[in-house]
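Reading through the C-alpha cells given below for one structure.
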Amino acid sequence: MKRKIFASIFAISILTTPIFAKQGMSAWSGPGEVANPDYVPRIPKAQREKQAEQKKEETAATPAKKEEPKKEEPKKEVKVEPVKKEEPKVEKKAEPKVEQKNDEYSRSVGNLNISKDDFEADKKAIMAMISELDTIMKDKAYKKWLGYVDSESTEYWSKSSTLKKAQARMPIKGLQLKTLEDYFKYVFVPARQKSKITEIRYESATYVKAVEVQEEQDLVYYYFKKNNGKWLVHIPPL
C-alpha cells in the first residue's frame, strides 16, 4: 500500500514540474512560498520581433543630435615687457686741486676787479698791522692803539650816547663805559684775544674784513679802511 502512494506522488511531481517552472516556482514550494526571484518569463518570438521593430521606428523618428563644434577659447595674450637697459653709473670726477694761493685770492676778491698783485700787497700790509695790534692789546697800550684807528671811528666812539648803547649790549653787567679808553679795555681787546685771522675779504677796493676761516662761516674780527694809501682799523657804528 505504501509503495502505491509513493509512486502516485512521484508521478504527480513529474507531471506538475513543467507547470510550476513556467511560473518561476518550484514544484516543491508550499503555500505562501515566494516564487523563484531569478525566474524571467519567456516572451513569444512574434512579440519580441514586434518590440524590436517599434524600437527601430522610435530611434529613426528621434533626430540625431548634431554635435556642435567645440568653441576654441581665445588665446590669452601675454604682454612681454621690454627689458630695461642697465644705465651706466656716472661717477663724478674729482675736481683738480687749485693752488691754495689762487683759491684764497678768488675767495678774497669775489667779483671785484682787483689784481692778484694788489691783493697780495693789501693782505701783507693788513696782516702786519694785526700782528702789531696783538702786541698793543697785550700791553693795553691805548695811545698806540689810537694811531691804528681811523678818525671817523674815534669821533663816533668817543660820544657818550654811543658808549651808553655799547654798555647796554655788554654781556657783563656793572661795567661802565665813560670814555673811548674804557671801550678799548673792556670791549675791543677782549673780543679779539683768541682770534686766529688767516684771510681777508674785500667789500670794496678800499674796505676789507679780516676773518678767521671756518668750515661753514667766516668770523670777522677787524674792518680796515684804506685812507690816502694807508690801511687803518675801522669800527662800524651801532
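What follows is calculated from the coordinates using simple rules that are stated; it is not laboratory data. Please read all numbers here as calculations on a predicted model, not as lab measurements. Cβ sites come from the backbone with ideal geometry, for glycine too, and all protein chains shown count toward neighbours.
Worth pointing out:
- Estimated distance in nm for a label pair at ALA46 and SER131, the labels positioned 7 Å out from Cα along Cα-to-Cβ: 15.5
- Length available on full extension from MET170 to ASP218: 0.36 nm per residue minus the Cα-Cα distance, which gives 15.0 nm.
- Cα-projected label distance for LYS194 with GLU155, points at 7 Å along beta-carbon direction, nm: 3.7
- Set LYS124/LYS165; LYS196/LYS230; LYS116/LYS196; LYS124/LYS194; LYS173/LYS196 screened for pairs whose C-alpha atoms are more than 25 Å apart: LYS124/LYS165; LYS173/LYS196
- For region 222-238, the residues whose amide N sits under 20 Å from a probe point set 7 Å from the Cα of ALA205 along the beta carbon direction are 224-232.
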